[in-house]
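**Student:** Below is a structure I'd like to ask you about.
The values are calculated or read from the model by the stated rules, or taken from the named source; none is laboratory data. None of the values given here were measured: they were computed from a predicted structure. Quick reminder, even Gly has a Cβ in these numbers, built from the backbone with ideal geometry, and neighbours come from all protein chains shown.
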Amino acid sequence: MFIKNLRAFAVVGGLGLAAAVASPALAADYVIDTQGAHASIAFSASHLGISYTTGRFNTFSGDFSYDKDAPAASKVAVEIETDSVDTNHAERDKHLRTADFLEVSKYPTASFVSTGIELTGDKTAKITGDFTLRGVTKPVVIDAEFVGEGKDPWGGYRAGFKGTTSIALKDYGFKMDFGTIDLTLNVEGVRK
């Protein structure tokens, strides 16, 4: 819920897509398929230490480069529109948009841009990058999993990833600190 500008979905699916992006000469470029709703950025936050509140960002965009033969050279960037926060509760969402939390009038986007990828397995990687939220940029690490790739029924070619990470609200200047927010990113990209 605090990632509206995850600009690089190395965390959003792209985030999750960390494990597979190729060398500049061989890498294919993909656009994250938000038009077909084949990507998502979801979050979970503790509520009073009793349960969890979940939500998502409905509007974001991004792209990535990927080559299965050189996944460590992959790159990802994601931008999130913070006012698209959606917890399925209108009054809570209204509060999340205020200065207590996302302050969307001043910080309309959040972003993620990858800075490196470390392979941890055949289909897994750690994607490091810069995450900017509320005007504050901090390094984050996304645990990413390559889900698959192949031709689609419409003549295109797609690649997909899943990623998870956590951020501490205090690191981004939130007036109300509810601790750590867990983010889950599912990214499906269409080759350009």
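**Student:** Examine the range 121-142 for a residue that is touching a Pro at 6+ places or on another chain (Cβ under 8 Å) and aliphatic (A, V, I, L, M), and state whether such a residue exists. Steps first, please.
**Tutor:** Initial filter on the range 121-142 (touching a Pro at 6+ places or on another chain (Cβ under 8 Å)): 125, 128-131.
Still in the list and also aliphatic (A, V, I, L, M): 125.
Within the range 121-142 (the criterion being touching a Pro at 6+ places or on another chain (Cβ under 8 Å) and aliphatic (A, V, I, L, M)), the answer is yes, since at least one residue qualifies.
**Student:** Scan the range 31-71 for residues that are touching a Leu at 6+ places or on another chain (Cβ under 9 Å) and under 15 Å from Lys162 (Cα atoms) and report the count. So that I can check it myself, show each step before the final result.
**Tutor:** Step one: list which residues in the range 31-71 are touching a Leu at 6+ places or on another chain (Cβ under 9 Å), which gives 32, 39-45, 55, 57, 60, 62, 64, 66-67, 69-71.
Imposing the further condition that a residue be under 15 Å from Lys162 (Cα atoms) reduces the set to 32, 39-43, 62, 64, 66, 71.
Matching residues across the range 31-71 total 10.
**Student:** Right, here's the next one. Quick one: in the range 149-188, of everything that is in contact with a Phe, Trp or Tyr (Cβ under 9 Å, 6 or more places away or on another chain) and of a type in the set (Gly, Ala, Ser), which residue is farthest from Ala99 (Cα to Cα)?
**Tutor:** Only one residue fits best here, namely Gly150.
**Student:** Just checking, does the range 149-164 include any residue being more than 19 Å from Ser61 (Cβ to Cβ) and in contact with a helix residue (DSSP H, G or I) (Cβ under 9 Å, 6 or more places away or on another chain)? It would help to see each step written out before you state the result.
**Tutor:** Of the residues in the range 149-164, the ones more than 19 Å from Ser61 (Cβ to Cβ) are 149-155, 157, 164.
Still in the list and also in contact with a helix residue (DSSP H, G or I) (Cβ under 9 Å, 6 or more places away or on another chain): 164.
Taking every residue of the range 149-164 in turn, at least one turns out to be more than 19 Å from Ser61 (Cβ to Cβ) and in contact with a helix residue (DSSP H, G or I) (Cβ under 9 Å, 6 or more places away or on another chain).
**Student:** Additional query: Anything in the range 59-91 that is at pLDDT below 95 and over 21 Å from Phe146 (Cα atoms)? List them, or say none.
**Tutor:** Listed by number, the list is empty, since nothing qualifies.
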